[in-house]
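The block underneath contains the structure these notes are about, expressed in structure tokens.
The values are calculated or read from the model by the stated rules, or taken from the named source; none is laboratory data. A quick note: this is a predicted structure, and the numbers were derived from the prediction, not measured. Backbone-built Cβ (ideal geometry, glycine too); neighbour counts: all protein chains shown.
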Amino acid sequence: MFNKKSKTNNTVNSTPHKSPSVNMISEGTHLKGELNSENDIRIAGNLEGEIHCKSKLIVTSSARIEGDIYSENADISGNIDGAVKISDKLILRQSAKIDGDVYTKTLVVEEGAQINGDCRVGKGAVDKSNAENSGTDPEKAELKAAE
């Protein structure tokens with residue numbers, strides 16, 4: 001009765017369960033440098049530098065970001081000065097202001113949100129922007145491959 005060891009297995013349907021994790025930069029915090037995360041990021045403060053998020057990025061209305069953003073999904077209410085490259089879904093809330101180019105697969109924009117830059121939406125928008133920045137044009141590459 002007391003000698004039995006209870007094993008708690010952190011699996012669901014024989015798949016390891018990953019606890020949800022959110023990295024937070026609170027209002028009043030100022031960060032300089034590159035931010036990389038496998039998990040969600042919530043920013044309410046100021047950040048100078050690039051953001052690389054392999055999950056969801058949330059930028060609150062009090063946040064200011066100076067630098068490029070690369071993420072799978074994003075929900076933006078604050079100010080961004082830089083390119084925004086989202087591989088899946090980008091939501092721009094009413095108070096969002098982006099001074100830079102936007103590349104995303106899916107875009108949802110609330111009335112009042114601002115984009116001051118080019119905006120490319122569609123399945124290959126982020127891939128095409130990456131090719132342009134690396135100096136290779138995907139359309140030219142397709143033509144060369146066909147020859």
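One table, with the values for the structure above:
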quantity	calculated
Test: residue in the range 68-77 that is surrounded by 16 or more Cβ atoms within 10 Å (Cβ to Cβ) and modelled with pLDDT under 95	no
The lone exception for Ser61 - which of (1) in contact with a His (Cβ under 8 Å, 6 or more places away or on another chain); (2) surrounded by fewer than 16 Cβ atoms within 10 Å (Cβ to Cβ) it fails	(1)
Residue among Leu90, Leu107 that is within 17 Å of Thr60 (Cβ to Cβ) and without any contact (Cβ under 8 Å) to a residue 60 or more places away in the chain	Leu90
Residue, farthest from the chain's Cα centre (by Cα), within the range 23-62, restricted to residues that are closer than 19 Å to Ala96 by Cα, assigned to a loop (DSSP other than H, G, I, E, B) and among the acidic types (Asp, Glu)	Glu27
